[in-house]
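> After the structure tokens below, expect a handful of questions from me.
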């Protein structure tokens, strides 16, 4: 059974890592699609009956807080676990994902935003 679960998670991670949306306007109404993102790590951290997930997500640039928020529903829909608690760590394009997040940390509980810790971009003068 554990081999099947591990294989299932590997397949899900492969599927999710290829997902993300283009920021090109749609042809019909000129509306922008949700920002582009790439899931680089997915961990099932469930305990007992409580389903929990942890994701590391790379963005092509340091998004605004609102742009980060606009990725949450598409990511949650891909997981298809509405009763879960998911912690998402967002990283910029050149960040080391083994270090703390540099864009945002989001807690998504029961299909809604529960908490967000957004970090403003660092300018060259602040480095």
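> In segment 38-127, what % of DSSP beta bridges are antiparallel (nearest 5)?
So the antiparallel bridges amount to about 75 percent of the total.
> Further question: Listing 118, 63 from the residue with the fewest other Cβ atoms within 10 Å to the one with the most, what is the order?
Lowest to highest Cβ neighbour count: 118, 63.
> Ordered by packing density, taken as the mean number of other Cβ atoms within 10 Å over each peptide's residues, highest first, how do 87-94, 40-47 rank?
Peptide ranking by packing, descending: 87-94, 40-47.
> Quick one: plug the Kirkwood hydrodynamic radius of segment 30-98 (C-alpha pairs) into Stokes-Einstein at 20 °C, 1.002 mPa s, and report D in µm²/s.
Translational D for this selection: 166 µm²/s.
Readers should treat all values here as calculations from the given coordinates under stated rules, not as data from a laboratory. Remember, it's a predicted structure, so these values are computed and weren't measured experimentally. Because the Cβ atoms are built from the backbone with ideal geometry, glycine has one as well, and the counts that use them run over all protein chains shown.
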